[in-house]
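The values are calculated or read from the model by the stated rules, or taken from the named source; none is laboratory data. All values reported here derive from a predicted model rather than from experimental measurement. As a convention, Cβ positions derive from the backbone with ideal geometry for all residues, glycine included, and neighbour counts pool all protein chains shown.
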Amino acid sequence: MHPMEILVTATLLFALIGGASMFFSIYNGLVALKNSVGRAWANIDVLLKQRHDELPKLVSTCEGYMQHERAVFDALSEARGALVKAKSVAERAHAEGQLTQALGQFFAVMDAYPDLKANQGFLQLQSRISDLENQIADRREYYNDTVTTFNTRIQQIPDTLVAGWLSLLPADLFKVAEPDRQDVQIQVKPAA
Amino acid sequence: MHLFSSPIAILVPFIGGIVLFVRGFRGWRERRLILNTPRSHIRSMPMGLVEITGAAEPRSALTAPFSQHPCVFWELDISTRNKNGWSVVHRSASGHPFFLSDGTGVALVYPEGAECRLCPGVEEVCTGPLLPPCYSEYIHDNHLALASVWSLGQLRFRERIVEEQGQVFVMGTAMPRTHALTVSDADAMQATGTDGGPARIQTLDEATVAVMRRGENEPTFIISQKSERDLTLDLGIHAAAQLVGGPLLTLFALGWWLISITSTHGLH
């Protein structure tokens, strides 16, 4: 074999190994990223479930004090029910926004009940739900960052070639709907 | 005798090129992993591979071995001079855990097994057996038996530290914190050299959300004083240089070997 042929063969070998390694690296990277999106969503779901479980305790603690706030309890119950039924990311995001707003309204109305505000059990629940709200907001941000990275990757060259072969589709962002972002409207009824 | 006439002189760049190529891919993979992992807030970070940034706070009173600066974490190396440059003969790092706080929560970082990318600190080159006390004491305390042989030539001492409240980027595996943790009483703690008394440690321990360390399934564990952007830029440049330079080095060695055997056959 001529020395030049050996050199060309070696160069081609490097290009082949390099190309194959690049392909595997992109493939594995996209698979890992896709699983990260799933993991990020599951991490939000865990907190949503925890908050969901805290709500009946909150309602039972407050019912005795806030007998004239049926509308607030109904809104909370309705939002909780919607969250259970929601399946897709968009539906859950909408239901989550509704629940956050119902909770905001609930805590705003609670200011008119000093006895309730002095209840230790209620204060603990309020603090726990408030912590969960903050954590949900953080994880929503984390999920959206992961989804944005994933969606960008699968549309960029050369990843898009591998993504097309894997039939990867863009994932949904966890967006809060515009009505859910509006300020809480408070109408406090005088306590009996 | 020509430099490239011996088989070893050809084999070294040939294999070195392949090693660089493989390392380039590892660097590239690491860069992509950092880019693909969003930064988490400590209070809500999920368990598993995460990326956090925050201010470092000591858990134990630490002083850097060479500079005697109080610090949160230190790493050092000692190198000897040979014809190809500096060769590291001793490397060490503090294994003490430290706290990392980002304003939302506190994480406890166990730095053992981490790939540290710290900014350059103390660096001094010494010649001869009479070393400054800070270095000779370290060598003596650590029973570095070959130190007398090393000190026949030039020795380079390097130390890098993370100072208290210094901003640190950590990418590693988050695990739930140990709930069985107990803090010793004031006297016992003072005996270990821990500053601030048990109250400070107790407060930080209670605020600790999770522990960061090298994972069993995911070995990536980076502690860096550079920002994520600078770190990925550095990794990208290094990886690209190794991915291009490695094959070129191997091809050069191969070409040289082919030329040398062709010319030898030609002469005969």
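Taking segment B:221-248 as the range and being basic (Lys, Arg) and surrounded by 15 or more Cβ atoms within 10 Å (Cβ to Cβ) as the test, only B:LYS226 passes. Taking the criterion of being closer than 23 Å to A:ALA42 by Cα, buried (at least 17 other Cβ atoms within 10 Å of the Cβ) and of a type outside the set (Lys, Arg), the residues of segment A:72-92 that qualify are A:ALA79, A:ALA82, A:LEU83, A:ALA86, A:VAL89.
Among helices (runs of 4 or more DSSP H) lying entirely in segment B:123-220, which contain 2 or more residues that are crowded, with 17+ Cβ neighbours inside 10 Å and at pLDDT 80 or above? Result: B:133-141.
For segment A:110-120, indicate whether the set of residues that are modelled with pLDDT of 80 or more, surrounded by 14 or more Cβ atoms within 10 Å (Cβ to Cβ) and of a type in the set (S, T, N, Q) is non-empty.
No: zero hits.
Of all the numbered requirements in (1) within 14 Å of chain A (Cβ to nearest Cβ); (2) over 28 Å from A:LEU16 (Cβ atoms), B:PHE252 misses one, and that requirement is (2). Residues that are more than 14 Å from chain B (Cβ to nearest Cβ) and touching a residue at least 60 places away in the same chain (Cβ under 8 Å) number at least 2 in the following helices (runs of 4 or more DSSP H) confined to segment A:1-115: A:3-63, A:89-109.
Looking across segment B:93-107, the residues that are of a type outside the set (A, V, I, L, M) and surrounded by 15 or more Cβ atoms within 10 Å (Cβ to Cβ) come down to B:SER94, B:HIS96, B:PRO97, B:PHE98, B:PHE99, B:SER101, B:ASP102, B:THR104, B:GLY105. Determine whether B:ALA241 is within 24 Å of B:PHE21 (Cα to Cα), of a type in the set (A, V, I, L, M, F, W, C), away from every other protein chain (no Cβ under 11 Å) and in a helix (DSSP H, G or I). Against the criterion (within 24 Å of B:PHE21 (Cα to Cα), of a type in the set (A, V, I, L, M, F, W, C), away from every other protein chain (no Cβ under 11 Å) and in a helix (DSSP H, G or I)), B:ALA241 qualifies.
Here the condition is being crowded, with 19+ Cβ neighbours inside 10 Å, more than 14 Å from every other protein chain (Cβ to nearest Cβ) and of a type in the set (Val, Ile, Thr); of B:VAL88, B:VAL72, it holds for B:VAL72 alone. Contact map, segment A:137-158: residues that are more than 11 Å from chain B (Cβ to nearest Cβ) paired with residues that are buried (at least 17 other Cβ atoms within 10 Å of the Cβ), Cβ distance under 7 Å, separation 6+ or inter-chain. Pairs shown: A:ASN151/A:ALA171; A:ILE154/A:LEU30; A:ILE154/A:ALA163; A:ILE154/A:LEU168; A:PRO158/A:ILE26.
Scanning segment B:37-51 turns up no residue that is farther than 18 Å from A:ARG139 by Cα, hydroxyl-bearing (Ser, Thr, Tyr) and at pLDDT below 90. If we scan segment B:35-42, do we find a residue that is in contact with a Leu (Cβ under 6 Å, 6 or more places away or on another chain) and either in a helix (DSSP H, G or I) or surrounded by fewer than 19 Cβ atoms within 10 Å (Cβ to Cβ) (or both)? Within segment B:35-42, one or more residues are in contact with a Leu (Cβ under 6 Å, 6 or more places away or on another chain) and either in a helix (DSSP H, G or I) or surrounded by fewer than 19 Cβ atoms within 10 Å (Cβ to Cβ) (or both).
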